[in-house]
Amino acid sequence: MTQTSAVRLRGITKSFGSNLVVEPLDLEIGRNEFFSILGPSGCGKTTLMRMITGFETPTAGSVELDGKTVDRVPTRQRDLNMLFQSYALFPHLSVYENVAFELRVRKTAKAELDRRVREALALVRLEDFPQRKPSELSGGQRQRVALARAVVGRPAVVLLDEPLGALDQKLRKEMQFELKRMQREVGITFIYVTHDQEEALTMSDRIAVMSKGRVLQVAGPTEIYDAPNSRFVASFIGSCNLIDAVMSSADTVEVAGLGPVPATVTGGFATGTQVVVAVRPERMTLTDRPTEGSFAGVISERVFLGDEWTYHVKTGGTELTVRVPSGETSAALATLPEGGQVWVSWPTAAGRVLPADDTTSPSLIGSPA
Amino acid sequence: MSASTATAPARGLRAPARGTLLGYLLLLPAVAVIVLLVIVPMAVIARQSFALSDPLLGGTMGGFTWDNYAKLFDPVYAKTMGYSLGLAALNAAVCLVVGYLLAFYISTRPANRQPVLLMLVIIPFLTDFLVRTFAWITLLGSGGPYVRIARALGFDASSLVPSQFAVIMSLLYAFLPVAVFPIYASMRAIDPSLREAASDLGAGWWQTHRRIFIPLSATGIGSSIMLTFVPTLGVFVIPVLLGGGKDPLVGNLIVTLFTEFRNEPMGAAMSMVVLVLMLASVAVITGLLRLLSIRSNRRAA
Ligand SMILES: Nc1ncnc2c1ncn2[C@@H]1O[C@H](COP(=O)(O)OP(=O)(O)O)[C@@H](O)[C@H]1O
Ligand SMILES: [Mg+2]
């Protein structure tokens, strides 16, 4: 492959004092990729991003942009822009001047500047009030100004730090769609930081899942969801049944109280190893009579969510969550009271065997899809 | 429990309505101080500036004349006035540059270290003005550290007192804290991420200051200029002690007119002129600031 990646991190690490915030990590982000960094608050997402922009100096490792090492290049000379969590709009400048800032600094000719500013404002659909001050805008509009300001200079990479965090639910949905549209239109690599798994799943080409300063998995949304590589990834993205189990042979797992359960074993686990079997609630089937390979249980609780029912079923010593789409609930099942007897089953492909302890799982190295 | 906390604000709101008279009574000491110590003396000086002087005994003889003001146009006085304005402007400029840089430096330090740095700026201010001025004589004068260090390094140095340089240094030292504080106050209110945003968008040091920090701390800068320019016009100790007294300032002139020439009406007239100059400079600076903020509002075409 001759094409270089937009961003490449090699062994990048950051500690503040004795506090290791980002563990050594390698990452490659392709051109025009919508790449998300997903993880809970405090896991080091912002710090990782700030090392790419150059606001933080990595404790070790190096950053490459477009195939060139930029460790000694100051932020203002790096071909990237950041969309700040707080937007960081210049309060004394109008919308127009905020967007024009980079072009003015770079001494762009007047006509060209005007054309590009208007283009950027059109891109974020904010042509109507270029003279307003940031304080006269709503949260969503400020966000758009910040976005226009970040893309007006056509950088190779735009980094967005939880850009939708301050917006209300409806606006978030709208902006998610808009961001994705924009990214496709302008053809810029987006590195998108979020703690919202749904946001990451709907928008990204690839996702890096982070926990406590470590990148656990880098993969596309469907792979992250269907084939999580660790306990953390399985439970952080969507909901997941994590059933404690033991390897009874090289390719079978056994759960205390249930016996052998259907599962696909991928990693090489030694017999006798403690593992967890991860099964998505919607991959489980609930019936009112025993079926092939099903486990008997008792409904401890059921919750109606409109489009689906969530059942909590006690089987053996384990509490399982099962989701049943409203339309698929059989009459017999629907009339069962809490405490009623049911049977739970799932296909072998739906059960994934993962290490019981995340610290032993390998930190994966990402490369462009 | 919660009921009592809920009624507390209501009681607080009622209080001013009941105690308007009390409110005025509480204002009285402040009003009295201003009237007795500011307005009355100023009225006395204003009156004296139009009075005839008593050539034999000093003091005033009453009457009304414009002569005291007319005589100020004498080249000797005009020159002093010009020199004072120039020195005040120079001092304001030096204080502004140093104060701005210092304020920016302090405001960008970690929050827990800022108070310490501010204390260091204030400490000299806690000593007496005269003591501070004499300290400069010792530092820059013959046999002082400046001369000794320079000689040790092989330079042919001699005492810097009296000199314009010593005057400027001493003025800077005297006025730096009042230059730093207003700017620091403005800077602290600026979102620190703006600095990163500016550098992210390609702005270097100068562009970041010119386009972001200077406009955003303009009020502080205006106050800083006023607080250094205006009082410098009234300074009279520093030029005598460090400048050799060859170039008197308006302040010196007023002192001389009152004490040596015993020409109180002329001293009063000079004081009034300085007062008017001060008010005018305050008006000009405020006006400029307003103009600036209006212009930056209308910048985009
Ligand atoms: N400048 C700093 N000095 C010390 N600790 C920091 C600094 N910046 C971040 N941290 C610490 O690093 C950790 C990760 O922070 P951050 O990267 O902001 O996480 P996230 O963006 O994922 O919420 C946090 O524990 C935070 O306290
Ligand atoms: Mg963050």
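The values are calculated or read from the model by the stated rules, or taken from the named source; none is laboratory data. What you are looking at is a predicted structure, and each value in this text was computed from that prediction instead of being measured. Cβ atoms come from the backbone with ideal geometry, glycine included; neighbour counts cover every protein chain shown. Remember, those area values only see protein heavy atoms, side chains included, never the ligands or the DNA or RNA. Shrake-Rupley method; radii C 1.70, N 1.55, O 1.52, S 1.80 Å.
Over chain B, average the accessible area per residue using a 1.4 Å probe and give it in Å², no decimals. Numbers along the way, then the final one.
On the way: 17030 Å² over 301 residues.
Per residue, chain B has an accessible area of 57 Å².
How many Å² of accessible area per residue for segment A:285-345, probe 1.4 Å?
Working: 3160 Å² over 61 residues.
On a per-residue basis, segment A:285-345 sits at 52 Å².
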Which whole-angstrom value gives the distance between the alpha carbon centres of segment B:103-147 and segment A:1-48? 45 Å
Sequence-distant residues sharing a close amide H with B:V235 (under 5 Å, placed H): B:G251
Rounded to the nearest 10 Å², what accessible area does A:K170 have for a 1.4 Å probe in the complete protein model? 150 Å²
Largest fluctuation, B:L28, B:L85, B:L216 only, Gaussian network model of chain B with Cα springs under 10 angstrom, belongs to B:L28
Longest principal axis of chain A (C-alpha) makes with the long axis of helix A:95-105 (C-alpha) an angle, in degrees to the nearest 10, of 70 degrees
Quick one: net charge around B:A203, please, counting Lys, Arg +1 and Asp, Glu -1 for every other residue with C-beta under 11 Å from its C-beta. +3
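Going by the alpha-carbon gyration tensor, a ≥ b ≥ c the square roots of its eigenvalues, is segment A:5-226 rounded (a/c under 1.5) or, if a/c is not under 1.5, prolate (a/b greater than b/c) versus oblate? Walk me through the numbers before you get to the answer.
Details: a/c = 1.81, a/b = 1.41, b/c = 1.28.
Note, shape of segment A:5-226 comes out prolate.
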When the charge dipole of segment B:68-300 is computed with +1 at the Cβ of Lys and Arg and -1 at the Cβ of Asp and Glu, the Cα pointing farthest to the positive end, of B:S163, B:G251, B:L275, is that of B:L275
How charged is the neighbourhood of B:S158? Take every other residue with its Cβ under 15 Å from the Cβ of B:S158, and add Lys/Arg as +1 and Asp/Glu as -1. +1
List the residues whose amide H sits under 5 Å from the amide H of A:R31, counting only those 5 or more places along or on another chain, with H placed 1.01 Å from N in the peptide plane. A:A6
Sequence order, segment A:340-349: Karplus ³J(HN,Hα) from phi using 6.51 cos²θ - 1.76 cosθ + 1.60, θ = phi - 60°, Hz rounded, Gly and Pro as x, gives x, 8, 9, 10, 10, 9, 8, x, 4, 5
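What's the local net charge at A:V276, with K and R +1, D and E -1, over the other residues with C-beta under 15 Å away?
On the way: positive: A:R231, A:R280, A:R352; negative: A:D244, A:E254, A:E319, A:D357, A:D358.
Computed value for this residue: -2.
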Considering chain A as a Gaussian network with a 10 Å cut-off on Cα pairs, which listed residue, A:V324, A:V105, A:V157, attains the greatest mean-square fluctuation? A:V105
If one builds a Gaussian network model of chain A from Cα atoms under 10 Å apart, the most fluctuating residue listed among A:D205, A:D161, A:D128 is A:D128
Need one word for segment A:93-174: rounded, prolate or oblate. Basis is the Cα gyration tensor (sqrt eigenvalues a ≥ b ≥ c); a/c below 1.5 gives rounded, then a/b vs b/c decides. prolate
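Taking a probe of 1.4 Å and counting only protein heavy atoms, give the total accessible area buried between chains B and A in Å², rounded to the nearest 100. Let's see the in-between values first.
Working: alone 18230 and 17000 Å², together 32970 Å².
Chains B and A together bury roughly 2300 Å² of accessible area.
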Accessible carbon and sulfur surface of segment B:68-300 relative to its total accessible area, %, 1.4 Å: 71 percent
Shape of segment B:142-301 from its Cα gyration tensor (a ≥ b ≥ c, root eigenvalues): rounded if a/c is under 1.5, otherwise prolate when a/b > b/c, or oblate? oblate
Report in % the part of the accessible area of chain A that belongs to carbon and sulfur, leaving out ligands and nucleic acids; probe 1.4 Å. 51 percent
